[in-house]
Structure formats: C-alpha cells, structure tokens
1. Alpha carbon centre of segment 327-365 versus segment 125-148: separation in Å?
2. P(r) of the chain in 20 Å steps, Cα pairs, percent per bin?
3. Under 16 Å Cα to Cα from residue 282, which aspartates and glutamates show up? Leave out anything in the same chain fewer than 8 places away.
4. Take every Cα-Cα pair in segment 333-384 and report what % of them are more than 16 Å apart.
5. What net charge do the residues around residue 114 carry, taking every other residue with its C-beta under 14 Å from that of residue 114, with Lys and Arg at +1 and Asp and Glu at -1?
6. Regarding segment 11-192, what's the average projected area of the Cα-atom convex hull, expressed in nm²?
7. What is the distance in Å between the Cα centres of segment 239-264 and segment 202-223?
8. Please give the peptides 118-127, 389-398, 405-414, 94-103 ranked by average Cβ packing (other Cβ atoms within 10 Å per residue), highest first, as a rough proxy for protection.
Amino acid sequence: MHDPHSERMSGGETRAAGGLALVFAFRMLGMFMVLPVLATYGMDLAGASPALIGLAIGAYGLTQAVLQIPFGIISDRIGRRPVIYLGLIVFALGSLLAARSDSIWGVIAGRVLQGAGAISAAVMALLSDLTREQHRTKAMAMIGMTIGVSFAIAMVVGPLLTRAFGLSGLFMATGGMALFGILIVAFVVPKANGPLQHRESGVARQALGPTLRHPDLLRLDLGIFVLHAMLMSSFVALPLALVEKAGLPKEQHWWVYLTALLISFFAMIPFIIYGEKKRQMKRVLLGAVAVLMLTELYFWAFGDSLRALVIGTVVFFIAFNLLEASLPSLISKVSPAGGKGTAMGVYSTSQFLGSAAGGILGGWLLQHGGVGVVFLGGAVLSAIWLVFAVTMREPPYVTSLRMPLSPEAQRDAGLVERLLAVAGVTDAVVVAEEAAIYIKLDKELLDRPSLERLINPSSQTCEA
C-alpha cells in the first residue's frame, strides 16, 4: 500500500535539502564572486600579470578536481559531517589567506586552498542519507537550482562588494559564508543514521571503469570541461573589454551581468521544455554549443562598444545557462543503471578541470595576444566540442529507479533478464550488497503492472 504521507517531503527532508542547498549556495558564492572582479581589481596586486590573474581565477578548480572524489570516498568511511566541516574550514582559511595578501601569489595560494575544501561529493552523499528514494531527485534539483541562483547573485554582488570593501573585503565575506555554512550543517541539517549504501549518490569503484569507457558520457564530460573553460577564460577578458573598449568603469559592471542573467534565465526555459517534451535534447545541445561559438566570434569581431558587449553577454549566458542546466540531465539519462553517482563524480571533476584550464589558458592568451585572442580561443574550444557532440546519439528518455528487493527476488537468477523483457525497461542491475535493484525506464512505454509483479510479488507498490 502507498504511504499517504510519502508523496510529500517530510519536515526533516525539507530541512536537509534546504540546509544543504544553503551550504552549497554560500560556497558557490565564494567561488563565483571573484570572477567578475579579479581581472580588473587584481591588476593592482603586487606582481600581477594577465597570465597570473588567469591562474588565480582558475586555481581553485585544480585542487577541487583532484580532491572531490577522494573526499567523497573518505566520507563513506569516517562520516559526512567531519569531511564537510573540514572542507568548509579549509575554504575559510583559503579565503583568509587571499584576503590578507597584497600580492598576486598570495591570492593564488588562497584560491588553491579554497579549492581544497572540496565538499560537493560529501554534501550530495549526506543529502542521499537524509532523503527517501522518491524525494531524492526533487532534493537534488533544489541544490541544482540553488547553484544557478547563487551564480547569478555572485555576478552582481561580487562587483558591488568589491567596490565597497576592495578585494580583501570580498575574500573576507567568502570566508564568513563558509563559517556560516558550518553553523547550518550543525544546527539546521538533521542527523543521519549513518552512511547509506547507495550507488546513485556517490562514486562506486566498480562503476568507474565502465564510466570512463562510455563514449557518450565522455562526450558530456568534454562538454562540461569546455563550458567551464569558456566561462573562466571569458571572465579573464570580458571585464577588461568592458573597461578598455566600452569605457564602462569597473564599479558599474554589475548591471551588465544582472541584465544578462535575468534575460537568460527566462530565455532558456522554452528550449529546455522543447528538448524534454519533444525528445530533441541533442538538437538543443548542438544549437546552444553553436551559439556559444558564434558569440565568442562576435566578441572577437565586434566587441568594441558597450552595446555590442552587452548583447554578446546576454546571448552568451542564454547558451551557457541552457547547457549548464541540460548537461546533468543528459548524464543521468545516458549513465547505465546504478552508475549515475559515478558518472556525476567524473562529470564534476571534468567541470573543475575545465575551470582551471580556462582561467590559465585565458590569462596566457590575454598576456600574449590581448582580449580579442581570448575570445578567439573560446571559439576554437567550442568548435572542438561541436565536432564531438555532433556524433553523440540521441539520449534515451529514461528515468532512474532504485528499489529494495525481497529475499525471494534476490535469489531469482533470471530476474534481470525478465525485467529487460518488460516494455519500457532499458537497463537493470542487481546490487547484492544493497539488496536493491537499479532500473532505467521510459515512463511513456512502461508496462508498470508487469514491473511491480516481478520486483515484489507480495506488494503492489513501486516508487518512481
């Protein structure tokens, strides 16, 4: 029988999702607020050069990429909270180091230390520990939305805070946010009964090999690498273009970003709905990558007036936000049954590596070729992505399902084979140590009664 209360998230689940979304938001604010200001204000630091500014912008991505999967695995052993507390303290120390530095090298060291507080995997795992199966996707979506909103806020608040308090004030604010995150985890987020064994919420070593050999997952990993490399390299060049070519004082850049982000959030929604409803995600993806490439070429060729730069920034963020929202959805569609957590772990690592590469490459190109060459580099990156994305297959329009197995079903050697014969089931894997089965299914084609009879003959419930 259905539990009448199972359709709604419980108070504890809502507190867990809301609290952890806030922790993510504060940390992402700390990461992103630096982007729109480092290229302009950072040149006043001792020893600053365009290449080192680029390194400072991308530096956090290096340590983040290296440490986020290991931190997730450690959290399985010693618990989520100690890892999250440690990560937030490390991030706060990095912020303090950057705030106290008057040289570019001190800021780079601070950014490296900020990135070492790599808690994304541990936060997602804690969220899984604290939410039931049927509400987990909703809780993860809350965090995804929060990241998008915090990025938009950071683009506007970063320039305003820096104008009022300087770069050191900005870094102090990011450190304070990390410490506030510790209080949220301690006093708002409910206690978990212990780590949940769950393949979809973290990296499973058994799934790592197949994930790294999966052609369509690798195309998506390349995509998020390029997307974040372009974001970072663009923020090495765009603030400087606004000052030098458009004559807009750096204190006023916030309104350009606010305009671009507000328009882009509304403009991308029809494309997401079209891609999902009409099952045309590949077409939407290719269109957005092509628009990114054309925008970078437009910046290079015509980006010498305020109007041109504002129009280009609006179009850039429509394509960027559309891809940022679509790629995780594609990962969960394409990943094999029971492999979504591992696929997302590799995807996040690719994202942070892209951030690092984009900052470093953007700074190097700026130093050796100027603002226009940075945009040209972005166009080349998106052209490479487009070549690989064209060969991607249309993704399967499936959802993931994890269901506990009765002892009787666990002993059934032919269960997976029979499940795959059910209309709408595309993939299934039994994970004995979890006494669970992971299934990928197409809801429009699913023969639900047959699925329920096979999984749990004694009960007629099934949570999708």
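Here, each number is a calculation from the coordinates, and none is a lab measurement. Just so we're clear, the structure is a prediction, and the values are computed from it rather than from any experiment. Counting neighbours? That spans all protein chains shown, and the Cβs are built from the backbone with ideal geometry, glycine included.
1. Taking the Cα centre of segment 125-148 as reference, the centre of segment 327-365 is 19 Å away.
2. 24, 55, 19, 2
3. Candidates past the 8-residue exclusion: 216, 221, 324, 394.
4. Result for the distance tail: 54 percent.
5. Neighbour charge sum, excluding residue 114 itself: +3.
6. Projected area, direction-averaged: 9.6 nm².
7. Segment 239-264 and segment 202-223 have Cα centres separated by 38 Å.
8. Averaged packing, sorted descending, gives the order 118-127, 94-103, 389-398, 405-414.
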